[in-house]
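Read-outs throughout are calculated quantities, based only on the coordinates presented, and are distinct from any laboratory measurement. The model shown is predicted, which means the values in this text are computed figures rather than measured ones. All Cβ positions, glycine included, derive from the backbone under ideal geometry; neighbour counts span all protein chains shown.
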There are 2 protein chains.
Amino acid sequence: MKKIIQLFTAILLLITTANATWFNNDDKPKTATQDNKTYTLRLAETWPSNFPIFGDTTKKFKQLAETMSNGRLKIRIDSKNKHKSALGIFDFVKSGQYDLGHSGSYYWKGKDINTLFFTSMPFGMTANEQHAWFEYGGGQELMDKVYAKHGIKSIIGGNTSNQMGGWFKKEINSIEDLKGLKMRIPGFAGEIMAEVGAKPTNIPAGELYTALDRGTIDALEWVGPSLDLRMGFHKVAPYYYTGWHEPGSELQFLINLKKYNALPKDLQAILITAMKLSAYDMYAHSNDASAKNWATMKKDYPNIKVKTFPKAVFAKLRAANDKLLGELAAKNPLSKEIIESRHNYLQKIRAWTNISDKAYLNSFD
Amino acid sequence: MKKIIQLFTAILLLITTANATWFNNDDKPKTATQDNKTYTLRLAETWPSNFPIFGDTTKKFKQLAETMSNGRLKIRIDSKNKHKSALGIFDFVKSGQYDLGHSGSYYWKGKDINTLFFTSMPFGMTANEQHAWFEYGGGQELMDKVYAKHGIKSIIGGNTSNQMGGWFKKEINSIEDLKGLKMRIPGFAGEIMAEVGAKPTNIPAGELYTALDRGTIDALEWVGPSLDLRMGFHKVAPYYYTGWHEPGSELQFLINLKKYNALPKDLQAILITAMKLSAYDMYAHSNDASAKNWATMKKDYPNIKVKTFPKAVFAKLRAANDKLLGELAAKNPLSKEIIESRHNYLQKIRAWTNISDKAYLNSFD
């Protein structure tokens, strides 16, 4: 009996010690796991199932988050095929219908004009320059300010790399050639094109090839070789113009803030880190895919002509851009703050890009 | 007595259940934490205490790894001031004296020539291009092949961005101007300079400013504005040459493979993810710091003259580069494999860079 009680006491002691080691929330001992609940987070993405690169990014995020959390985070991804609302992601996450989203910030400019500035802006920063702005130039803080109002946290979600200016059926030699030009070019860049007399039109992705082939439109922009190859535009429009309107488009992850705040600190860190690494990885992926697809396009269609708008055309487009930005800044103080932050940062970092990557790339042709 | 035994059994059962939930290695239940031991990993870095940017990268890595693992990983960083051996990192990690390292791969070329190719190569890939090569072009697999022989895993460790060609006291107008030029330029780039008749010399960092000021050397390369500003070279050498020899230098994290393999899978994933995100973050940090420091330099010393070597000089340097690479390839089949992988990837991805970022940066001056 005495022995049994001794053993019993020893076991109780063991359990108490175990509790102290495993369950406590305070800092001692450091081996404590705060919380071993499983959190299932549902993510809605703008993209259809198995969409290349963009869809690979959410899969990569899921894999990282689940592995690092040893299954305490479960990520369930619903593509557009499931939730049926490509542009419903912001509302899904704001309302809590989904916990997470993957989309593009500039899609929400109709809901909040200040979301416009976190994807890419015409004549703006390249992907590298903008990554530096987000992390070290105040960009993330401004994005937090815009999204907190909606109960959302927004995190970088992957860069498409510099987007091409698009596929044109005829050459653009002067601003006159843009007047009346029917072009699929959505968003703010479309507004700029309208300012100089073009006719921006919106056509569903599935109908673009036929529209370009039949001359319903004269030109269109999509992404770059990474995603243009499968669309086949190079078969029906020979001029491939270099980019100016989205020099480094960053997708975004969205997180419902209430859900985020309810997570233990370690899972919060895992979530954000998995998102950011997936985002940077998508930039490498985009560059790789564009490199490979561009090689394929050139081989199969050696007559593709790469062109850049003449500087006089850019001068007009830039004047239209500055006018539209000026109007936005005049209407909304936070817009003004973000436009100025981007402008000032670009001035500084482009001076560096010019003596580093640009000088290097121009040193040998 | 019977009651005590019943209680005893209940407690035993409790412990057994607890074991099933907390200790098992299999997949059920999903909330299980595989392993709640604390792993203390010691990291040796090449840099002195509080070295900017490079040292911030290991601190960022430590913070991410410890937070994501909720303290199950403890990272202890020893800087050069502590371990006294800036270039001992490879041996430290190989022998297991340290678990982790943070340094530059090309420092180990005397120990294994194939480590040379994973930092940056003259006339090679930019940071973006090389990131794509590491992740999608076979670079990581080749690095694994080289380092596995030494019982080490190597992971990207942060990019300095395009390195400047260096500070020169006089202008370089032809290859003749390089002949006899005393320049601090270490490593493979130094060998190239020697091929064209320059006199590469190695001088400790602390003596460089005085050596340049007094004319003991005629030129030196360091990094870029991010780290050059504090060295003060712009005060004594007016010509700042754009880069060619390290177009995107990637640092490296080293992991002792035995130690890595003994970690549970979730901590392995946390370790690698924290390293890679810290690495990408350092690239943003480098670009930001160079942008800010370059603005400061230009303001304080408006007479700094940014120059690029004439194309004829580059032609000679490139010929020397190709000759030396050819010699390395002939000596070692794995060197040949890596050199060819880098070359072929560069051909493909530069064609993309030329029509994207390069065309964009050249569109408006």
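Checking a compactness column here: for the range A:153-246, what do you get for Rg(Cα) / (2.2 N^0.38 Å), N being the number of residues?
1.08
Based on the inverse mean of 1/r over its pairs of different Cα atoms, what is the Kirkwood hydrodynamic radius of the range B:224-263, in Å?
13.8
Counting only Cα, what are the radius of gyration and maximum Cα-Cα distance Dmax of the range A:69-154, in Å?
For the range A:69-154, the Cα-based Rg and Dmax read 14.5, 43 Å.
Quick one: what Rg and Dmax do you get for the range B:39-84 from the alpha carbons, in Å?
Calculated on Cα positions, Rg and Dmax stand at 10.7, 31 Å.
Using a 10 angstrom Cβ neighbour count of at most 15 plus a DSSP loop assignment to flag exposed chymotrypsin sites (Phe, Trp or Tyr not before Pro), which longest range of chain B is free of such sites?
The longest uninterrupted stretch comes out as B:24-363.
Based on the alpha-carbon gyration tensor of the range A:308-365 and its eigenvalue square roots a ≥ b ≥ c, which shape applies: rounded if a/c is under 1.5, prolate if not and a/b is larger than b/c, or oblate?
It is oblate, given that a/c is not under 1.5 and a/b is not larger than b/c.
Can you return the aspartates and glutamates within cross-link range of B:Lys80? Criterion is Cα-Cα under 19 Å, with same-chain partners fewer than 8 residues away left out.
B:Lys80 reaches B:Glu45, B:Asp56, B:Asp91, B:Asp99, B:Glu207.
When the helices in the protein assembly as shown are scored as -39500 (n - 2.57) per DSSP H run of 4 or longer and the sum is shared across all residues, what 222 nm value do you end up with, to the nearest 500 deg cm²/dmol?
Taken over the protein assembly as shown, the calculation gives -15000 deg cm²/dmol.
Report, as an integer, the average count of C-beta atoms from other chains found within 10 Å of each Cβ along B:131-141.
For this peptide, the per-residue mean of nearby foreign Cβ atoms is 4.
Can you pull out the trypsin sites (Lys or Arg not before Pro) in the range B:81-127 that DSSP calls coil and that have at most 15 other Cβ atoms within 10 Å?
B:Lys84, B:Lys111
Return the aspartates and glutamates within reach of B:Lys265: Cα separation strictly under 16 angstrom, same-chain partners fewer than 8 residues apart disregarded; answer none if there are no such residues.
A:Glu66, B:Asp26, B:Asp27, B:Asp35, B:Glu66
What is the fewest-to-most order of B:Lys62, A:Lys199 by other Cβ atoms lying within 10 Å of their Cβ?
The fewest-first ordering by Cβ neighbours comes to A:Lys199, B:Lys62.
Could you tell me the ratio Rg/Rh of chain B? Both radii from Cα atoms, Rh via Kirkwood.
My calculation puts Rg/Rh at 1.09.
Sort shortest first the distances from A:Gly215 to its counterpart in every other copy, using label points 7 Å along the Cα-to-beta-carbon line, and give them in nm.
7.4
Can you tell me the Rg and Dmax of the range B:272-333, counting just the alpha carbons, in angstroms?
Spelled out, the Cα radius of gyration and Dmax of the range B:272-333 are 19.2, 51 Å.
Which pairs break 19 Å Cα to Cα here: B:Lys169/B:Lys298; B:Lys111/B:Lys199; B:Lys149/B:Lys276?
Beyond 19 Å between Cα atoms: B:Lys111/B:Lys199; B:Lys149/B:Lys276.
Compute the label zone of B:Lys149 within the range B:81-121: residues whose backbone N is under 13 Å from the point 7 Å along Cα-to-Cβ.
B:109-117
Any aspartates and glutamates with Cα under 12 Å of the A:Lys323 Cα? List them, leaving off those in the same chain fewer than 8 positions away.
Output for A:Lys323: A:Glu191, A:Glu195.
For q values of 0.05, 0.09 Å⁻¹, compute log₁₀ I(q)/I(0) with the Debye formula on a Cα-only model of the protein assembly as shown, without solvent.
-0.28, -0.87
Cα centroid distance between the range A:128-159 and the range B:246-276, in Å?
Their Cα centres are 27 Å away from one another.
For the range B:149-191, just say rounded, prolate or oblate: build the C-alpha gyration tensor, square-root its eigenvalues into a ≥ b ≥ c, call rounded for a/c under 1.5, and beyond that prolate if a/b exceeds b/c, oblate if not.
Prolate, because a/c is 1.5 or more and a/b exceeds b/c.
Give me the tail of P(r) for the range B:249-365 as a percent: Cα-Cα pairs with distance above 17 Å.
Beyond 17 Å sits 79 percent of the P(r) for the range B:249-365.
Amide H to amide H under 5 Å from A:Thr242: which residues, 5+ apart in sequence or cross-chain, H placed 1.01 Å off N in plane?
Here the answer is A:Gly165, A:Lys307, A:Thr308, A:Phe309, since their amide H atoms fall under 5 Å of that of A:Thr242.
³J(HN,Hα) across the range A:311-327 via Karplus (A = 6.51, B = -1.76, C = 1.60, θ = phi - 60°), whole Hz, x for Gly/Pro?
Whole-Hz 3J(HN,Hα) from phi for the range A:311-327: 4, 5, 5, 4, 4, 5, 5, 5, 4, 5, 4, 5, 5, 5, 5, x, 5.
What span do the alpha-carbon atoms of the range B:102-145 cover on each of the three principal axes, reported in whole Å from largest to smallest?
Answer, in whole Å and largest first: 27, 23, 19 Å.
Quick check: convex hull over the Cα atoms of the range A:176-221, volume per residue in Å³, rounded to an integer?
Normalising the Cα hull of the range A:176-221 by residue number yields 58 Å³.
Whose amide H sits under 5 Å from the amide H of B:Gly157, counting only residues 5 or more places off or on another chain, with H placed in the peptide plane?
B:Leu251, B:Gln252, B:Phe253
Report the far tail of the P(r) of the range A:26-173, meaning the percent of Cα-Cα pairs longer than 20 Å.
59
Could you compute how fast the range A:80-237 diffuses translationally, taking Rh as the Kirkwood radius over C-alpha pairs and applying Stokes-Einstein at 4 °C with viscosity 1.567 mPa s? Give it in µm² per second.
74
Translational diffusion coefficient of the range B:72-112 at 37 °C, 0.692 mPa s, Stokes-Einstein with Kirkwood Rh over Cα pairs, in µm²/s as a whole number.
297
Give, as a single signed number, the net charge of other residues whose beta carbon lies under 14 Å from the beta carbon of B:Thr296, with Lys and Arg counted +1 and Asp and Glu -1.
Combined, the nearby Lys, Arg, Asp and Glu give +3.
With viscosity set to 0.890 mPa s at 25 °C, what whole-number translational diffusion coefficient in µm²/s follows for the range B:181-312 from Stokes-Einstein and a Kirkwood radius over Cα pairs?
Taking Rh from Cα pairs, D becomes 141 µm²/s.
Looking only at other chains, what is the average number of their beta-carbon atoms within 10 angstrom of each beta-carbon in A:285-298?
6
Multiply the residue gap between A:Lys331 and A:Asp91 by 0.36 nm, knock off their C-alpha separation, and tell me the result in nm, one decimal place.
84.0 nm
Over the range A:97-143, what is the relative contact order in percent, taking alpha-carbon pairs closer than 8 angstrom and at least six residues apart?
23
Among B:His343, A:His234, B:His285, what is the fewest-to-most ranking by other Cβ atoms within 10 Å?
Ascending number of Cβ neighbours within 10 Å: B:His343, A:His234, B:His285.
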